[in-house]
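J.: Please read through the structure below; I'll follow up with questions.
The values are calculated or read from the model by the stated rules, or taken from the named source; none is laboratory data. Everything numeric here is computed off the predicted structure, so don't read it as measured data. Cβ placement follows ideal geometry from the backbone for every residue including glycine, while neighbour counts extend to all protein chains displayed. To get the accessible areas, we keep the full protein, side chains included, count just its heavy atoms, and leave off ligands, DNA and RNA. Shrake-Rupley method; radii C 1.70, N 1.55, O 1.52, S 1.80 Å.
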Amino acid sequence: MLLQVNLGQEATKFGAQEDEVFRLLEKMALLPGISVKGLMTMPPYFENPEESRPYFRALRELQEAVSRRKIPGALMEELSMGMSNDFEAAVEEGATLVRVGTAIFGSRPVK
């Protein structure tokens, strides 16, 4: 399982706020059979992928801070961030999982 973090604080996206992450992970550690493999985020969309970089860096730094706390069940092995337009910056900032469906399959049809 990954914990989604809404670093962009966008109302249209879900996830924990940055200041809630440690508290949530500590509560999740009390649940049997639950382990959090890492964190994920979806920053605001920017035409210029470099504008996404600060969000990716912030998630990596948060992952490192969680790792230092050694919260049981918070393994922090994965960072899921980056999509077709900004995955290169995400990988440079430490992404281990990227979502590149549009790059492979093209845009979704408009309904």
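J.: Among the numbered criteria (1) among the aliphatic types (A, V, I, L, M); (2) surrounded by fewer than 18 Cβ atoms within 10 Å (Cβ to Cβ); (3) assigned to a loop (DSSP other than H, G, I, E, B), which single criterion is violated by Ala103?
T.: Evaluating Ala103 over (1) among the aliphatic types (A, V, I, L, M); (2) surrounded by fewer than 18 Cβ atoms within 10 Å (Cβ to Cβ); (3) assigned to a loop (DSSP other than H, G, I, E, B) leaves (3) as the failure.
J.: To continue, here is another question. Determine, yes or no, whether Gln17 is farther than 20 Å from Val98 by Cα, surrounded by fewer than 14 Cβ atoms within 10 Å (Cβ to Cβ), free of Cβ contacts under 8 Å to residues at least 12 places away in the same chain and of a type in the set (S, T, N, Q).
T.: no
J.: Additional query: Examine the range 78-95 for a residue that is exposed (fewer than 14 other Cβ atoms within 10 Å of the Cβ) and part of a loop (DSSP other than H, G, I, E, B), and state whether such a residue exists.
T.: No, the conditions are met nowhere in the range 78-95.
J.: Out of (1) at pLDDT 95 or above; (2) farther than 26 Å from Ser107 by Cβ, the odd one out for Met40 is which?
T.: Going through (1) at pLDDT 95 or above; (2) farther than 26 Å from Ser107 by Cβ one by one, Met40 breaks only (2).
J.: Looking for something of a type outside the set (A, V, I, L, M, F, W, C) and assigned to a helix (DSSP H, G or I) - is there at least one such residue anywhere in the range 42-50?
T.: Yes, the range 42-50 contains at least one residue that is of a type outside the set (A, V, I, L, M, F, W, C) and assigned to a helix (DSSP H, G or I).
J.: Moving to a separate point now. Among Arg60, Arg69, Arg53, which is open to solvent by less than 40 Å² (accessible area, probe 1.4 Å) and touching a residue at least 12 places away in the same chain (Cβ under 8 Å)?
T.: Arg53
J.: With the requirement that a residue be under 20 Å from Gln9 (Cβ atoms), open to solvent by less than 20 Å² (accessible area, probe 1.4 Å) and not hydroxyl-bearing (Ser, Thr, Tyr), what does the range 32-43 give you?
T.: Leu39, Pro43
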